[in-house]
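Novice: Once you've had a glance at the structure underneath, I'll fire off some questions.
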C-alpha cells in the first residue's frame, strides 16, 4: 500500500518531526533538514543525527523524505546559480548524514532567459552536484510544477530533458504533485485521465523513477498555472484522484505526502480521509 503522510515541522529538533508524524498516524513524513528560507545552516551535530536515527528506529514511520530549500534555483541565469549548487550539495550531505533516501527539488526558473538555457543550466548544476557527492545514495526528486511564471517542470518534456541531459543518472527521480499537475493542464478528475498520466510516466521515465507523490487539491481550475493548494475534496480536483492513487498497487511503499493547508486540524482531517479511502 502507498505510505500515507504529511509534511511536518522540525521545530524543537529534527527528531520532533518523527514524533509529530506518529501523532498524526503517518507512515511517511516530509521535512526540511534546515530553514528553507535561508541559504546557510549550521552543520548537523552528531548527537542530533543520532537522536533522529533513534526516533526513526523506535517509530512506526517507514519513510522520510526531505524537501530542498525554496531558495535553490539550479536554472538561474545569475549568481544565484552558483549559490544553488553549493546549497544543493549541502542538502544532499545533510540527507546522507540523516539516512534520508529522497530529496524533493523544484527544477528552477529560467527568469526570462528562455526554457532551453534554463534547462541547460539545470543539467550542468545537477551533473556538478552529483559529481561532488559521488558515493552518496540520496536521490534528487524533481517535482512537477504548476507552470507559474518562468518555472521549469510544468511540462513533462522538461523533466525528460533534465534526466536525459544527466545521462539517465539513477540518482534523479520524480515527485508528482497533484495540484501542480492539474494546474499545468493535466486532468486527473476522471479515471481515464489518471491512467493516461501514469501510462505516460511509465513510457517516458519508468515508474521506478517516481519516489514520492504530493497530495493536494487545487483552488484554481485546470490549466490555470497557479500553485494554490486546497484541502482534499474542497478544490477543483475532488476526491477521485486521491482514491485512485492510494489504491494503485504500483505505488506500494511510495510516500504519498499531504501538503495541504495547515490551519486548525487540517492534517488530521486529511489523513483521516485518506485512511478511509484506503480502508484503514
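The values are calculated or read from the model by the stated rules, or taken from the named source; none is laboratory data. These figures come from a predicted structure and were not determined experimentally. Virtual Cβ from ideal backbone geometry, glycine too; neighbours counted across all protein chains shown.
Novice: Looking only at the stretch 28-57, which residues are in a loop (DSSP other than H, G, I, E, B) and either touching a strand residue (DSSP E or B) at 6+ places or on another chain (Cβ under 9 Å) or exposed (fewer than 12 other Cβ atoms within 10 Å of the Cβ) (or both)?
Specialist: Of everything in the stretch 28-57, those that are in a loop (DSSP other than H, G, I, E, B) and either touching a strand residue (DSSP E or B) at 6+ places or on another chain (Cβ under 9 Å) or exposed (fewer than 12 other Cβ atoms within 10 Å of the Cβ) (or both) turn out to be 32, 33, 36, 37, 38, 40, 42, 43, 45.
Novice: Find all pairs meeting these conditions: Cβ atoms under 8 angstrom apart; at least six residues apart or on different chains; first residue within the stretch 216-243 and closer than 9 Å to residue 183 by Cβ; second residue modelled with pLDDT under 95 and surrounded by fewer than 17 Cβ atoms within 10 Å (Cβ to Cβ).
Specialist: Qualifying pairs under 8 Å: 225/148; 226/148; 227/148.
Novice: Hey, another quick one. Filtering the stretch 160-180 down to residues that are closer than 16 Å to residue 198 by Cα and in contact with a helix residue (DSSP H, G or I) (Cβ under 8 Å, 6 or more places away or on another chain), which residue is surrounded by the fewest Cβ atoms within 10 Å (Cβ to Cβ)? Quick ask: steps written out before the conclusion?
Specialist: Taking the stretch 160-180 and keeping what is closer than 16 Å to residue 198 by Cα, we get 160, 173-180.
If we keep only those that are in contact with a helix residue (DSSP H, G or I) (Cβ under 8 Å, 6 or more places away or on another chain) too, we end up with 160, 173-174, 176, 178.
Values: 160: 12, 173: 23, 174: 27, 176: 24, 178: 27.
Here the answer is 160.
Novice: Can I ask one more? Name every residue in the stretch 148-159 that is at pLDDT below 95 and buried (at least 17 other Cβ atoms within 10 Å of the Cβ), in order of residue number.
Specialist: Here is the first cut: in the stretch 148-159, the ones at pLDDT below 95 are 148-149.
The answer is none; no residue qualifies.
Novice: Of everything in the stretch 1-16, what is in contact with a helix residue (DSSP H, G or I) (Cβ under 7 Å, 6 or more places away or on another chain), closer than 18 Å to residue 214 by Cα and not in a loop (DSSP other than H, G, I, E, B)? Give them in sequence order.
Specialist: 4, 5, 6, listed by residue number.
Novice: Turning to a different aspect of this structure: Being in contact with a helix residue (DSSP H, G or I) (Cβ under 8 Å, 6 or more places away or on another chain) and either surrounded by fewer than 23 Cβ atoms within 10 Å (Cβ to Cβ) or under 21 Å from residue 71 (Cα atoms) (or both) is the filter here, so list the residues in the stretch 17-27 that pass it.
Specialist: Passing the criteria: 19, 24, 25.
Novice: Within the stretch 78-93, how many residues are surrounded by fewer than 22 Cβ atoms within 10 Å (Cβ to Cβ) and either within 23 Å of residue 257 (Cβ to Cβ) or touching a residue at least 60 places away in the same chain (Cβ under 8 Å) (or both)?
Specialist: Count: 2.
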